[in-house]
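Peer 1: This structure is in structure tokens; I'll ask about it shortly.
The values are calculated or read from the model by the stated rules, or taken from the named source; none is laboratory data. Predicted, not measured: the structure shown is a model, and the values here were computed from it. Every residue, glycine as well, gets a Cβ built from its backbone with ideal geometry; the counts of neighbours run over all protein chains shown.
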Ligand code: MSP
């Protein structure tokens with residue numbers, strides 16, 4: 001029997017259309033699901049919508065519609081979006097479905113009976129857009145600490161969940177399962193911000209509105225939306241179902257292998273959800289991955305700022321493969337990043353049109369020009385062929401390792417090493433010359449290897465792209481056996497098949513025009529051009545600007561581990577074996593050190609002598625092209641410019657920088 005893999009996205013609030021940030025969560029989960037299927041797992045991939053709560057009730061009232069009538073077209077729009085993005089979910093759950101509501105009711109009553117839920121009175125603050133309760137001390141300037149919006153004071157009879165009872169068991173679970181919350185910084189955040197200050201019992205019902213699951217034994221209470229929503233992960237797969245086939249599904253897939261969520265809702269998934277499951281006596285999910293945010297210039301996307309990026313507009317313009325590739329290639333999964341038009345155009349032009357698309361296009365063209373369109377059988381291999389074989393095997397292993405860690409951008413970067421190496425292989429082997437010289441044997445081997453590199457890359461790109469792989473497969477006549485994940489190694493593919501020429505898969509974009517269109521799309525119109533000019537007065541080319549990746553937040557304790565000191569460059573010369581490196585002798589007050597730095601392109605050795613610089617003094621020593629380097633010199637860089645960070649001459653050597 002196949003091993004199982006259960007992956008979920010959060011269920012989305014259908015109070016508005018979804019934006020590129022929502023698409024990000026879903027495309028990421030889809031890439032995991034596709035990867036695991038390709039690896040032979042029996043995958044269950046769940047997504048859906050979170051349809052109860054005051055916010056939806058208010059929106060429906062504004063629209064003059066009953067909530068369900070207000071919701072249905074939005075849900076249809078969301079499902080259509082997922083279809084356009086080729087999201088391969090196995091089930092889509094709506095919290096307004098009977099199969100879900102009945103489970104929420106039963107769970108609530110059970111927790112009430114066993115004393116985990118008790119009746120009391122809630123007094124405190126509530127943020128309706130976030131559907132979150134906040135204590136007075138948690139507010140920031142009297143506003144919601146999560147979204148910065150107004151909060152309402154609420155005082156009402158409520159049920160509470162005894163969270164505090166389970167804290168020790170939760171911490172023990174964290175300790176015994178170090179991979180439970182990833183990235184690890186989010187675990188630290190959970191412990192520091194929510195558990196250490198003392199986990200409060202959670203208010204789990206409301207009486208001031210109606211739109212939700214009513215508590216059967218006390219129907220004036222509506223179940224808190226988050227308790228309602230989290231239950232979707234088990235109601236969808238048949239927990240407490242009357243149907244034995246559904247219950248068997250639950251037994252098969254639970255516990256979930258990974259809940260993919262944005263960083264803003266890690267708290268609900270990594271603190272409250274495991275506690276609810278403990279109270280129900282159910283096993284806990286294996287992992288909660290809290291990815292970072294897709295930001296736009298000016299911070300978060302919001303309707304009021306007019307900077308919401310509609311995923312459909314991008315898909316319609318660039319195609320779904322390009323959009324999916326961009327989302328997962330651009331930002332390391334787990335970190336925040338800012339969407340820029342330049343970053344997107346650059347990725348599409350360089351990675352897709354120039355590298356991947358070109359590899360496919362030129363290979364088909366050369367097969368047709370030099371061999372009547374037929375893939376020849378290879379002859380004896382030379383060292384360059386073997387090197388490509390080896391690289392492909394290494395890349396596959398690295399793609400597997402990165403995918404298992406949900407590091408999509410790393411997997412794609414590795415894969416593109418193969419794509420680029422294949423293009424270089426063509427440039428080095430010069431099939432046009434082999435053809436001219438009549439070296440048919442060598443030409444056959446080279447053409448075969450070009451096709452093989454395409455086959456391997458295309459198999460490995462399947463978690464990310466859904467259209468191009470099928471087009472390439474059909475064009476190049478790769479049969480089923482030659483398209484399995486395990487067959488993604490050079491030399492296992494067929495020969496003898498005829499390959500037609502086709503239009504390029506990824507057309508090259510006109511950079512200026514595209515940036516203008518994207519800027520228009522992603523910023524409120526007038527502001528956009530003014531901002532762009534202010535930021536880019538010299539008209540810097542698209543190539544220089546890329547997406548900004550923000551690293552994870554760290555505590556001062558982590559920053560404190562870095563020892564920064566003022567140093568003075570006493571001598572500097574070119575590295576004997578590397579054009580890019582300079583070898584500097586730096587005085588740190590109590591000692592003199594050698595530091596090798598990759599700044600030869602920006603400075604002549606003489607220019608640096610006497611300069612006061614900032615040195616990372618506690619970096620592990622390394623050897624760079626045979627020269628010891630004991631530290632690092634801080635530099636600022638942007639595009640093609642770089643400048644060392646200096647301090648005034650009056651600052652003594654060895655002074656601490658912090
Ligand atoms: N309904 C809750 C989830 C309940 S799960 C039991 C919810 N819905 S949401 O529609 O607001 O958000 C859905 C997902 O989209 C979350 O993972 C959220 O973090 C993610 N994103 C929303 N905006 C985002 C960005 N700008 N960037 C990346 N992800 C973002 O929360």
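Peer 1: Tell me which residues, restricted to segment 27-48, are surrounded by fewer than 24 Cβ atoms within 10 Å (Cβ to Cβ) and within 10 Å of the ligand (Cβ to nearest atom).
Peer 2: If the condition is that a residue be surrounded by fewer than 24 Cβ atoms within 10 Å (Cβ to Cβ) and within 10 Å of the ligand (Cβ to nearest atom), then 28 is the only one that fits.
Peer 1: Scan segment 49-89 for residues that are without any contact (Cβ under 8 Å) to a residue 60 or more places away in the chain, crowded, with 19+ Cβ neighbours inside 10 Å and closer than 20 Å to residue 316 by Cα and jot them down.
Peer 2: Once the filter is applied, which keeps residues that are without any contact (Cβ under 8 Å) to a residue 60 or more places away in the chain, crowded, with 19+ Cβ neighbours inside 10 Å and closer than 20 Å to residue 316 by Cα, segment 49-89 yields only 82.
Peer 1: Within segment 616-633, identify whether any single residue is more than 12 Å from residue 569 (Cα to Cα), in contact with a helix residue (DSSP H, G or I) (Cβ under 9 Å, 6 or more places away or on another chain) and in the same structural domain as residue 572 (by TED's automatic domain parsing), and answer yes or no.
Peer 2: We begin by selecting, within segment 616-633, every residue more than 12 Å from residue 569 (Cα to Cα); these are 616-632.
Still in the list and also in contact with a helix residue (DSSP H, G or I) (Cβ under 9 Å, 6 or more places away or on another chain): none.
Checked against the condition, which is being more than 12 Å from residue 569 (Cα to Cα), in contact with a helix residue (DSSP H, G or I) (Cβ under 9 Å, 6 or more places away or on another chain) and in the same structural domain as residue 572 (by TED's automatic domain parsing), segment 616-633 yields no hits at all.
Peer 1: Still on this structure, please answer the following. Among the numbered criteria (1) within 25 Å of residue 283 (Cα to Cα); (2) in contact with a strand residue (DSSP E or B) (Cβ under 7 Å, 6 or more places away or on another chain); (3) within 16 Å of the ligand (Cβ to nearest atom), which one does residue 212 miss?
Peer 2: The one condition residue 212 does not meet is (1).
Peer 1: Going residue by residue through segment 243-251, is there one that turns out to be modelled with pLDDT of 95 or more, away from the ligand (no atom under 16 Å from the Cβ) and not in a helix (DSSP H, G or I)?
Peer 2: Let us first name the residues in segment 243-251 that are modelled with pLDDT of 95 or more, namely 243-251.
Keeping just the survivors that are away from the ligand (no atom under 16 Å from the Cβ) gives 243-251.
Going one step further and asking which of them are not in a helix (DSSP H, G or I), we end up with 243.
Taking every residue of segment 243-251 in turn, at least one turns out to be modelled with pLDDT of 95 or more, away from the ligand (no atom under 16 Å from the Cβ) and not in a helix (DSSP H, G or I).
Table: residues versus (1) in contact (Cβ under 8 Å) with a residue 24 or more places away in the chain; (2) buried (at least 20 other Cβ atoms within 10 Å of the Cβ).
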| position | (1), (2) |
| --- | --- |
| 433 | no, no |
| 445 | yes, yes |
| 454 | yes, yes |
| 468 | yes, yes |
| 487 | yes, no |
| 503 | no, no |
| 509 | yes, yes |
| 521 | yes, no |
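Peer 1: Please specify each residue of segment 338-362 satisfying the condition of being farther than 22 Å from residue 414 by Cβ and surrounded by fewer than 21 Cβ atoms within 10 Å (Cβ to Cβ). Even if it seems obvious, please write down each step before you answer.
Peer 2: Initially, segment 338-362 is screened for residues farther than 22 Å from residue 414 by Cβ, giving 338-342, 345, 361-362.
Across segment 338-362, the qualifying residues are 338, 361, 362.
Peer 1: Can you spot a residue in segment 258-268 that is assigned to a loop (DSSP other than H, G, I, E, B) and within 14 Å of the ligand (Cβ to nearest atom)? Spell out the reasoning first.
Peer 2: Pass one, segment 258-268, residues assigned to a loop (DSSP other than H, G, I, E, B): none.
Within segment 258-268 (the criterion being assigned to a loop (DSSP other than H, G, I, E, B) and within 14 Å of the ligand (Cβ to nearest atom)), the answer is no, since none of the residues qualifies.
Peer 1: Regarding segment 50-73, can at least one residue be identified that is more than 30 Å from residue 152 (Cα to Cα) and either within 14 Å of the ligand (Cβ to nearest atom) or part of a strand (DSSP E or B) (or both)?
Peer 2: Checked against the condition, which is being more than 30 Å from residue 152 (Cα to Cα) and either within 14 Å of the ligand (Cβ to nearest atom) or part of a strand (DSSP E or B) (or both), segment 50-73 yields no hits at all.
Peer 1: Scan 45, 92, 5 and give me the residue that is farther than 20 Å from residue 311 by Cβ, in contact (Cβ under 8 Å) with a residue 24 or more places away in the chain and within 24 Å of the chain's Cα centre (by Cα).
Peer 2: On the way: 45 fails: farther than 20 Å from residue 311 by Cβ; 92 fails: farther than 20 Å from residue 311 by Cβ.
That would be 5, the only listed residue that is farther than 20 Å from residue 311 by Cβ, in contact (Cβ under 8 Å) with a residue 24 or more places away in the chain and within 24 Å of the chain's Cα centre (by Cα).
Peer 1: Go through segment 370-386 and count every residue that is touching a residue at least 24 places away in the same chain (Cβ under 8 Å) and within 37 Å of the chain's Cα centre (by Cα).
Peer 2: 2
Peer 1: Still on this structure, please answer the following. Determine, yes or no, whether residue 645 is crowded, with 17+ Cβ neighbours inside 10 Å, free of Cβ contacts under 8 Å to residues at least 60 places away in the same chain and closer than 23 Å to residue 562 by Cα. Walk me through it before giving the result.
Peer 2: Details: crowded, with 17+ Cβ neighbours inside 10 Å: no; free of Cβ contacts under 8 Å to residues at least 60 places away in the same chain: yes; closer than 23 Å to residue 562 by Cα: yes.
No, not satisfied.
Per-residue answers, yes or no, for (1) within 13 Å of the ligand (Cβ to nearest atom); (2) touching a residue at least 24 places away in the same chain (Cβ under 8 Å); (3) within 23 Å of residue 168 (Cα to Cα):
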{"position": "279", "(1), (2), (3)": "no, yes, yes"}
{"position": "326", "(1), (2), (3)": "no, no, no"}
{"position": "339", "(1), (2), (3)": "yes, yes, no"}
{"position": "346", "(1), (2), (3)": "no, yes, no"}
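Peer 1: Also, quick follow-up: Quick check on segment 113-139: of everything there that is away from the ligand (no atom under 16 Å from the Cβ) and over 13 Å from residue 203 (Cα atoms), which residue is surrounded by the fewest Cβ atoms within 10 Å (Cβ to Cβ)?
Peer 2: By that ranking, first place goes to 137.
Peer 1: Can you tell me which residue among 365, 397, 392, 380 is out of contact with any strand residue (DSSP E or B) (no Cβ under 8 Å at 6 or more places or on another chain) and surrounded by 17 or more Cβ atoms within 10 Å (Cβ to Cβ)?
Peer 2: Within the list 365, 397, 392, 380, the selection yields 392.
Peer 1: From 233, 173, grab the single residue that is more than 25 Å from residue 49 (Cα to Cα), within 31 Å of the chain's Cα centre (by Cα) and assigned to a helix (DSSP H, G or I). Lay out the reasoning, then the answer.
Peer 2: Numbers: 233 fails: more than 25 Å from residue 49 (Cα to Cα).
The conditions single out 173.
Peer 1: Something else about it: Could you tell me which numbered condition residue 132 fails, if it satisfies all but one of (1) under 21 Å from residue 219 (Cα atoms); (2) under 30 Å from the mean Cα position of the chain (by Cα)?
Peer 2: It is condition (1) that residue 132 fails.
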